Every structure is written in C-alpha cells, then in structure tokens.
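Inspection log for the structure reproduced underneath, given as structure tokens.
Read-outs: derived from the displayed coordinates by stated rules, not from any lab. Everything numeric in this text was worked out from a predicted model, so none of it was measured. No Cβ is skipped: glycine too gets one built from the backbone with ideal geometry, and neighbour counts run over all protein chains shown.
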Amino acid sequence: MQKTYHRQQGFSLVELSIVLVILGLLTGGILTGQSLIRAAELRSVVTEFQRYQTATRAFQDKYFALPGDMKNATSFWGSAGGDGNITGTCSTQSGTGTQTCNGNGNGVLNSASGANVYGESFAFWQHLANAGLVEGSFNGKSGAGTMHTLVPGTNSPQPKLSNAGWYAFHYGDRTNNYGDNKTFNANYQNTLRFINVDGSADIIKPEEAWMIDTKLDDGMPARGRLMADSRIGCAVAANGATLTTAAADAAKLDSKYNLNSSANVCGLVMLQLF
C-alpha cells in the first residue's frame, strides 16, 4: 500500500524574523514621522508669534492705530452698518468682504460683547488682513459660542497646530491677581494668546511650552514677556508643589514648567505685545 505524504506549510524562523523586522521599521518610521510633524508644528508657533508681532507694529506705523482698536477703520475699508462703531450699533451688523467696525481708539483690545458680534479682539485680525499684513480674510466677529469663541480661518488665523487658535486680548494689570484665578501676578496689558479654540489653555504639553518659551524668552512660566497662559497643571512651584487656584499661588513667580506632565495643559501668552 502506497503511503501519501503531505508537506507541512508554514513560515520558517528566518521568514518570521524578516516580517518582524519590517513591522518594526514601519512602526518606527510612523512614530518618527509623527514626531517630525509635531516638531514642525511647534516651530510654527514661534514663527507665527514673531510674524504677528511684526505685522502689528507695521500696522501701527502705517495707520497710527492699533488694529481692532482703530477708530477710523471704516474710512479705509467701509462700514459693516449701523453707526460704524463697535461700541455702538455696528457690532451686530453683517458686513461683507472687508467691511468692518471702528474701535474706540483707547489703545485697549476689548473682547466682543457676546457671541456672533464684532469685537476689537476679532476686528484686530480683520484690520490686519484688510491692510495686507497677514494672510487670510476674517469677519471681525466672535464665534457662535461666547464672546471669546475662536473660529480659526474665519475670525482668526489658522495655526498649523490643530485645535489651536490665536487670540488678541487685553488682560490688563494682574499684578494683584486681578479678576482671575489661573494667571500669575503680572502686568499683562494687550496680549497675544496661543490657546485651545474652546478658550481653554489646554493645547500643548508643559515640555513643549518650555521649549517655545526658551526660544522666545527665558523658559520661565511666570516671568518675562512670554508666560504660561494658565498656571494650573502647566506649572509647578519652585519646590515642585502643585499650583492651585489660590491667590497665593499667583504670586509664585519663581515657578517652573511641570515637565513631569505629558498632558496638553498649557497655553502661552505674550505680554505687552502691542
């Protein structure tokens, strides 16, 4: 009786090793690619800060006014309607194209009075774009959520970093923790904030904030011209203690970035920018 032999099919150890090596290379390549993309996004934050600062100064040199706060903006770009003033009946109008509203000219970038209305913080970007100093076209209005709602690409520039936004805003003098339980004691005045589009400061990791701060300023979250937008989670006291909303923690100006955290708990704010 003739025996029938069946050849067993399968992979050799060499073949399996090659497959594992290829998978490892692919995984490593993907992770490396993601890291390179993130690094490029973070570098863009630095260049965008610098670009918007330069654009604002160029605007001030040309128009002798702060964009958004400019009290004769409608003379250059047309009125959105009403009496032409943000503090008047223009704020709720629906302008088209470059049509805008006048600011009050007091040198302070006030927020909008509500959702979907003109406000100096958003007219800031519209005036810069109208003057050809930043790319894009902006409507000068707050988003549908609140007076602070960012809609990148519509009322503010679109950063390369997803879910992030640029917000020009007058924080004022908070050297005595004025009106806030998350900022440090500092004289902020007109600022440029890099934050989450939902208005929170939770957009980058503390290590990433430290890196940007070191490139642009002093690497300290509570000192210099560039600071952490919120101390909660992003920074710790000099001795490593957790910072809270307590007023006493706002005075801990020797705080450092919370480099042990890998969570997106940081935003950035440039003080006295314009």
Measure of compaction for the chain (Cα Rg per 2.2 N^0.38 Å): 1.34
For segment 67-77, take each phi angle, set θ = phi - 60°, evaluate the Karplus expression 6.51 cos²θ - 1.76 cosθ + 1.60, and give the result in whole Hz per residue in order, putting x for glycine and proline. x, x, 8, 4, 7, 10, 4, 5, 5, 9, 10
Largest fluctuation, Val108, Val21, Val151 only, Gaussian network model of the chain with Cα springs under 10 angstrom, belongs to Val21
Compute the Cα gyration tensor for segment 139-274, then decide on rounded, prolate or oblate, letting a ≥ b ≥ c be the square roots of its eigenvalues: rounded whenever a/c is under 1.5, prolate when a/b is larger than b/c in the other cases, and oblate in all that remain. prolate
How far is helix 120-130 tilted, in degrees, relative to the longest principal axis of the Cα atoms in the chain, given as a value from 0 to 90 rounded to the nearest 10? 80
Segment 205-225 versus segment 70-113: alpha-carbon centroid distance in Å: 35
Sorted by chain and then number, the residues having a modelled amide H within less than 5 Å of the amide H of Ala235, at least 5 places away or on another chain, are Asn258
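How do 250-259, 184-193, 121-130, 44-53 rank on mean C-beta neighbours within 10 Å, highest first? Kindly include the intermediate steps, with their values, before the conclusion.
On the way: 250-259: 19.2, 184-193: 21.0, 121-130: 27.3, 44-53: 16.5.
Ranking the peptides 250-259, 184-193, 121-130, 44-53 by packing returns 121-130, 184-193, 250-259, 44-53.
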Calculated on alpha-carbon atoms, Rg and Dmax of segment 179-226 in Å: 11.2, 30
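Sort 75-81, 207-213, 219-225, 57-63 for me by packing, meaning the mean count of neighbouring Cβ atoms within 10 Å per residue, highest on top. Walk me through the numbers on the way to the answer.
Working: 75-81: 17.4, 207-213: 21.3, 219-225: 19.4, 57-63: 14.0.
In descending order of packing, they fall as 207-213, 219-225, 75-81, 57-63.
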Taking the chain and counting helices only, DSSP H stretches of n ≥ 4 at -39,500 (n - 2.57) each over all residues, the nearest-500 ellipticity at 222 nm comes to -10000 deg cm²/dmol
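Above 24 angstrom, tally the Cα pairs of segment 40-160 and express them as a % of all pairs, no decimals. Don't jump to the answer; show the numbers that get you there.
On the way: 1405 of 7260 pairs.
Above the 24 Å cut-off, segment 40-160 has 19 percent of its Cα pairs.
How large is the dipole of the chain about the Cα centre if only Lys and Arg carry +1 and Asp and Glu carry -1, each at its Cβ, rounded to the nearest 20 debye? Don't skip to the end; give the middle numbers.
Values: 20 positive and 20 negative charges, 116 e Å.
It works out to roughly 560 debye.
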